[in-house]
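J.: Provided herewith is a single structure, encoded as structure tokens, for subsequent inquiry.
The values are calculated or read from the model by the stated rules, or taken from the named source; none is laboratory data. Given the structure is predicted, the values throughout are model-derived calculations rather than measurements. Positions of Cβ are generated from backbone atoms using ideal geometry, with glycine treated the same way; all protein chains shown enter the neighbour counts. Accessible surface areas use protein heavy atoms only, side chains included; no ligands, DNA or RNA. Shrake-Rupley method; radii C 1.70, N 1.55, O 1.52, S 1.80 Å.
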Amino acid sequence: MSNLLDLAPVVPVVVLDDAESAVPLARALVAGGLPVIEVTLRTPVALDAIRRIAAEVPEAVIGAGTVRSPEDVEAATGAGARFLVSPGTTPGLLAAMLAAGVPFLPGVATATEAMTLAERGVRELKFFPAEPAGGVTYLKALGGPLPDVRFCPTGGITPSNAPAYLALPNVGCVGGSWLTPRSLVTAGDFARIEKLASEAAALRP
């Protein structure tokens, strides 16, 4: 797999309540130009959704988000997740993700956390929660002392502020939940989701 942060400008952050929606949703996102999909482990059907997408939508790069423990790492990779995303990083979780053999974006919100991970050779990180933690201004400031660290900001990202993040040299992509609102998923309006994906795929400056 090519560098995870360079595959698409926006990574859809997906919360699914019904595994039956997983495959048509993934197909709509891929058709719209966003092949990297993060299904969060926030619902009971998340692992089944990842499993279905991995089996039936091979052109999707399916990953697991809200990974919080070594057990989550094992379950997600066992279901077919090709990358992992965590909201924060503990020593035990980092060890499990390093051992998993798939790309991962560990969550950070401070310079110290980013430096700690860089010491371990991990230089591609999730910046979360992006907007509450300082947003574009904060990430721009980190670029000076930490030029070798790149981020995927997630949390409060919208179509209006995403371009400002994507214009930063230390941002590879952004994570966004606006692409798959529950209302559209529940209604099965995958044509609208494909259109949102297409618009997001064109956001990179």
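J.: Within region 126-146, is even one residue within 15 Å of V10 (Cα to Cα) and assigned to a strand (DSSP E or B)?
T.: There is at least one residue in region 126-146 that is within 15 Å of V10 (Cα to Cα) and assigned to a strand (DSSP E or B).
J.: Inside region 18-31, can you point out the residues that are open to solvent by 10 Å² or more (accessible area, probe 1.4 Å) and under 16 Å from P58 (Cβ atoms)?
T.: Within region 18-31, V23, P24, R27, V30, A31 qualify.
J.: Can I ask one more? Exactly one of (1) closer than 26 Å to V15 by Cβ; (2) touching a strand residue (DSSP E or B) at 6+ places or on another chain (Cβ under 7 Å); (3) open to solvent by 10 Å² or more (accessible area, probe 1.4 Å) is unmet by R123. Its number?
T.: Among (1) closer than 26 Å to V15 by Cβ; (2) touching a strand residue (DSSP E or B) at 6+ places or on another chain (Cβ under 7 Å); (3) open to solvent by 10 Å² or more (accessible area, probe 1.4 Å), the lone unmet condition for R123 is (1).
J.: Could you grab me the full set of residues in region 155-176 that are among the aliphatic types (A, V, I, L, M), touching a helix residue (DSSP H, G or I) at 6+ places or on another chain (Cβ under 9 Å) and not in a loop (DSSP other than H, G, I, E, B)?
T.: A162, A164, V171, V174
J.: Another question about this same structure. Please find, within region 102-119, the residue that is most open to solvent (accessible area, probe 1.4 Å) out of those that are of a type in the set (V, I, T) and not in a loop (DSSP other than H, G, I, E, B).
T.: Per the criteria, the residue is T112.
J.: Just name the residue that is modelled with the lowest pLDDT out of those in region 1-14 that are open to solvent by 10 Å² or more (accessible area, probe 1.4 Å) and in a helix (DSSP H, G or I).
T.: Applying the filter and picking the extreme gives L4.
J.: Out of (1) crowded, with 21+ Cβ neighbours inside 10 Å; (2) more than 18 Å from L34 (Cα to Cα); (3) touching a Phe, Trp or Tyr at 6+ places or on another chain (Cβ under 9 Å), what's the single condition that is false for V136?
T.: All conditions pass for V136, except number (1).
J.: Please find, within region 177-200, the residue that is farthest from G121 (Cα to Cα) out of those that are crowded, with 17+ Cβ neighbours inside 10 Å and out of contact with any helix residue (DSSP H, G or I) (no Cβ under 7 Å at 6 or more places or on another chain).
T.: L196
Here's the yes/no breakdown for (1) open to solvent by 10 Å² or more (accessible area, probe 1.4 Å); (2) in contact (Cβ under 8 Å) with a residue 60 or more places away in the chain:
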position: L16; (1), (2): no, yes
position: G33; (1), (2): yes, yes
position: R42; (1), (2): yes, no
position: P70; (1), (2): yes, no
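J.: Starting from region 178-197, take each residue that is under 19 Å from V11 (Cβ atoms) and list its partners that are charged (D, E, K, R), counting only C-beta distances under 8 angstrom and pairs at least six apart or across chains.
T.: Within 8 Å, the pairs are R182/D17; L184/R192; V185/D17; V185/D18; F190/R27.
J.: I want to confirm something. Restricting to region 142-161 and keeping residues that are surrounded by 15 or more Cβ atoms within 10 Å (Cβ to Cβ) and either of a type in the set (D, E) or within 14 Å of the chain's Cα centre (by Cα) (or both), which single residue is farthest from L29 (Cα to Cα)?
T.: It comes out as R150.
J.: Quick check on this structure: which one of A141, A167, A187, A133 is in contact with a Pro (Cβ under 8 Å, 6 or more places away or on another chain) and hydrophobic (A, V, I, L, M, F, W, C)?
T.: Exactly one of A141, A167, A187, A133 is in contact with a Pro (Cβ under 8 Å, 6 or more places away or on another chain) and hydrophobic (A, V, I, L, M, F, W, C), namely A167.
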